[in-house]
Each structure stands twice: as C-alpha cells, then as structure tokens.
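Worksheet for the structure shown next.
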Amino acid sequence: MISVQNRQLLLNGNNFFLFLLIFCGFSSCAAKKITSAKNVEVVAINTNGITKKEDSVKTKAVAIDIFDVETTPKTPSNPIKIANEDPTRIHNIVVLLPFFLDQIPLGNYVDDSTKVLSADSKNAMDFYLGCQLARQNYNSPDLNVNVYFMDDKNDSLKIANSFKSKPFPNVDYIVGPITGKNLKIASSLAKYTQINMISPVVNSMFIKDNPYYFNANASLKSQYSFILEQLQKQNNSKTLEIIYDGLDSTAENISNLKYIVNDVYKLSNVKYISLRATDDISKSLVIADTLSERVAIIYSSKEPYVKSILAKIKPIKNHFSIYTSSCLKNSKGLADLKLTDDVFCVYPYNTSNANNAKFAVKFEALYQKKPTDLCFQAYDIMMHLFSLIENKQHLQDNLYSVSSNSNNTQTKFQFKPIINKNGEIDFYDNTFMYQYKLSSGSFVLTNP
C-alpha cells in the first residue's frame with residue numbers, strides 16, 4: 001500500500017525532456033541565458049534555437065534547457081554505483097516532477113490566482129521553489145553539485161525514458177516522484193541502475209529487495225516500530241492490545257505487525273483483537289477488571305476506522321493509553337468525541353519551530369506566496385543531500401546528527417534499513433519522527 005500525505009509551451013512530445021539547472025555556477029553545461037522583467041522575472045525557454053518567454057511565478061530567473069533525447073537510448077548493461085567514485089568530482093541530482101509543460105499556454109499568469117495550472121503542475125512548482133531556496137541558503141564553496149529537474153508528467157513511460165537520457169547514468173541521487181502513481185517503476189529503475197532514490201512524499205512498505213529505495217517519510221513499519229520502542233522504554237507489564245480490522249481485505253495485513261512484534265521486539269504479552277467498525281465492543285474489549293490501566297494500538301492507516309474505534313473505546317470504564325499511526329494527526333472533529341483516554345500518534349513533521357517560521361517568511365518575501373508542505377519538504381531533503389555530499393557521506397551510511405539537520409524546517413533524516421525475514425534489505429526508512437498527544441481536539445508535540 002502506498003500512502004500519500006495531504007498537502008506551455010508546445011514541446012515536441014516525447015522527443016524532449018526538461019532540465020531546469022539551478023546550479024549554473026557549478027555546471028560546465030549550464031545554460032547562460034537568464035532574463036528578467038521589471039516586476040515579474042521570466043524564464044527563457046530555448047527550443048531548437050527559438051526563444052520564447054512566459055511569465056513564471058515571481059521567482060528568481062533560472063535557465064531552462066530542453067535537450068534532444070534519443071528515441072531508443074540504451075540503458076547501460078553494466079551499471080555502476082556512482083557513490084563509490086572520486087569524491088572530489090561534481091555530483092548530479094535528478095528531481096522528477098510533474099510540470100506538464102506541454103499543457104501550460106503562452107501568456108501571463110500568476111500561480112496563486114490562475115485556473116490554468118493543474119494541481120500536479122502547482123505541486124511541481126512548489127517543490128521546485130523549495131529546492132531553489134535550499135541552494136540559496138546552502139552557501140558553501142565546497143559543494144560541487146548539479147541539480148536537474150525533469151518533467152515526468154506523472155507518466156510511467158516518461159519516467160522510464162528519463163533513465164535513458166542525459167544526465168543518466170551519471171547520477172548520484174534521484175528525488176521523486178512526488179505522487180504514488182509511478183513509485184514502483186521508478187524504484188525498480190533506481191535499483192537496476194544502482195542509483196539511490198528518495199521518495200519525498202509518498203511512502204511504501206511493500207518495496208522488496210531494493211537497497212536503493214529510501215522513504216523520506218517513514219512507512220507504517222517504522223511508525224509502529226517507533227510506537228513499540230516508546231512502549232518498551234516505559235518498562236510496564238501491561239498487556240498490549242492490538243486492534244485491527246481482520247475482515248477488511250484492503251487494510252494492512254496484520255502479519256506485518258506480528259513480525260515486528262514477535263521477531264523484532266520479541267514481545268510476548270500481546271493480545272490481537274479483530275474488530276470491525278460496526279462490531280459490538282462488549283464482546284471484544286470489555287473486561288471484568290474496570291480499574292486497571294490498559295494500553296492499545298489501533299493498527300490502521302484509515303482515519304475513519306481509527307476514529308470509530310476511539311469512539312467505541314470511550315464508554316469503557318478502564319483508562320486507555322491508545323497509540324495510532326500518522327493518519328490521525330490532522331483529523332478533524334476529534335474534540336467532538338470528548339475522549340477521556342490518552343491518545344498518541346506518530347508523525348514525521350514538526351512545524352512549530354523557529355526554522356519553519358524563518359523559512360516561511362523568506363519564502364513569501366521571495367516568491368509572493370505562502371509555502372506549502374511540499375516547499376518545506378523539498379528544502380529539507382535538498383539541504384540534507386547537500387550536507388551529505390559536501391561531507392563525503394552516503395545515504396546508506398547516514399546516522400542522524402544535530403549538525404547535519406540544524407537548518408531543517410519540518411523533519412530530520414535518520415535512514416535505517418528495513419530488514420526482511422531473510423535478513424535482506426527491502427528498503428530504507430527515515431525513522432526520525434515525532435510523537436504527539438491529543439489535547440482539546442488537537443495533537444501537541446511530546447518529544448520536541
């Protein structure tokens with residue numbers, strides 16, 4: 001299952017790919033044509049020697065080069081792991097974003113007011129601007145990096161072809177795609193070409209045998225591992241009650257959690273309760289001892305199911321400490337439930353910090369629009385990659401340190417391998433996350 005966080009110029013079809021090169025000062029092949037207007041800076045787009053102009057979002061002008069791409073390029077038969085090469089060379093990062101340039105008409109538009117841009121295009125621009133601001137803020141003469149932005153159009157064929165075009169195969173990191181539609185094919189191609197790929201927004205816990213795939217936001221496996229780790233630290237002897245919907249074929253398979261509970265954390269005092277949203281709880285949850293404190297995990301990424309179980313638990317006389325995944329963090333109407341139990345959730349973001357506020361002010365001053373979650377996420381990921389590259393580190397080697405994430409705005413990065421039953425790496429998860437506690441209908445951070 002893949003979970004998604006809530007937040008033209010006429011080109012010659014598949015014969016062109018978009019490269020927006022933001023590191024002009026570092027690249028030997030960077031375009032030099034940068035133009036600006038008095039109030040709204042513009043982007044010069046060159047297609048076969050013909051220059052056209054379109055108003056961009058009010059952002060610092062950048063050069064856009066559109067390169068011819070072979071129709072039948074060959075993927076290298078003997079892929080190499082770029083990260084093991086000379087650390088002094090220039091590194092390349094490719095960002096896959098659904099700009100949909102062929103759907104953007106010529107003429108003036110403002111991103112926040114126009115109906116022209118699709119949601120995907122707007123999201124792509126938000127992510128792009130976050131990357132731009134990261135480059136501006138990461139002011140180091142020792143950073144030798146090119147960043148290429150490719151228009152994937154949210155299309156599997158376009159993504160597949162991009163791996164056969166410049167600057168591939170000489171790429172160190174791939175960031176994207178930002179939707180879940182083509183996550184599987186992109187991660188498979190990253191594995192084949194042995195290039196580390198960070199999925200910036202969506203995450204999957206069903207990627208198998210792919211040590212080149214990284215979730216920027218923790219999958220459910222790591223979310224529940226975090227919860228179990230917090231419970232272990234409490235050293236209590238209470239029975240852990242795990243509530244799930246065993247009759248929902250679209251719900252998370254309970255065997256995934258059982259493996260973590262039994263084989264990873266080796267917990268024995270656990271009770272599994274299959275409970276549908278419409279079931280009578282008296283047969284499953286009510287016990288004779290009404291005074292004891294109880295601990296429960298609601299195993300589901302479906303917000304309606306979690307809320308329905310919380311409502312069912314409320315009349316029970318025992319006091320509960322209830323733990324859930326990130327699906328509940330931004331849920332509406334929790335105050336209406338008037339819960340008396342303690343409810344906790346895990347979540348990868350903390351937006352109540354000085355860096356977040358500072359970024360928002362600078363972003364709005366530069367681009368005359370408020371930053372979205374995608375802007376923050378793009379900034380944090382690029383800042384992290386810049387730090388790794390400058391310090392000659394790799395994602396696989398990464399251990400969280402305060403210094404390398406000191407400027408991040410909403411999340412930090414501590415990638416750890418997810419090991420399967422055969423002792424092999426399925427993928428890497430960003431295991432850094434925050435715990436929140438429900439208070440007056442909203443969640444309050446407990447581990448800043």
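The values are calculated or read from the model by the stated rules, or taken from the named source; none is laboratory data. All figures in this text were calculated on a predicted structure; none of them were measured in a lab. In this analysis, Cβ positions are derived from the backbone assuming ideal geometry, glycine residues included, and neighbour counts consider all displayed protein chains. The area values use the complete protein model at the heavy-atom level, side chains included, leaving out ligands, DNA and RNA. Shrake-Rupley method; radii C 1.70, N 1.55, O 1.52, S 1.80 Å.
In this calculation the C-beta distance from K266 to S440 is compared with R0 = 35 Å, giving a FRET efficiency of 0.40. On the beta carbon distance between N420 and Q393, with R0 = 22 Å, the FRET formula returns roughly 0.30. Distance between the C-alpha centres of region 303-379 and region 199-273: 19 Å, rounded to the whole angstrom. Put simply, when 162-170, 217-225 are sorted by average Cβ atoms within 10 angstrom per residue, most first, you get 217-225, 162-170.
Computed from the Cβ-Cβ distance with R0 of 22 Å, the FRET efficiency linking N253 to N330 stands at 0.30. For the peptides 300-313, 265-278, residues were scored by their other Cβ atoms within 10 Å and the scores averaged per peptide; the highest-first order is 300-313, 265-278.
Ranking of D426, D142 by solvent-accessible surface, largest first: D142, D426 (1.4 Å probe, protein heavy atoms only, all chains present). Judged by the ratio a/c of the largest to the smallest principal axis of the C-alpha gyration tensor, region 240-280 counts as oblate, that ratio being 1.5 or greater while a/b is no larger than b/c.
With Cα atoms as the point set, the radius of gyration and Dmax of region 282-421 evaluate to 20.5, 62 Å. Peptides 356-366, 197-207, ordered by how many other C-beta atoms sit within 10 Å of their residues on average, highest first, read 197-207, 356-366. Within the shell defined by Cβ-Cβ distances under 14 Å, the residues around N139 carry a net charge of 0, with Lys and Arg each +1 and Asp and Glu each -1. Classify region 108-233 as rounded, prolate or oblate from the Cα gyration tensor: take a ≥ b ≥ c as the square roots of its eigenvalues, call it rounded if a/c is under 1.5, otherwise prolate when a/b beats b/c and oblate if not. Rounded. For a test of the definition: using alpha carbon positions, the gyration tensor, and the 1.5 limit on a/c, classify region 353-448 as rounded, prolate or oblate. Oblate, since a/c reaches 1.5 and b/c is not below a/b. Computed over protein heavy atoms with a 1.4 Å probe, the carbon and sulfur contribution to the accessible area of region 340-444 reaches 51%.
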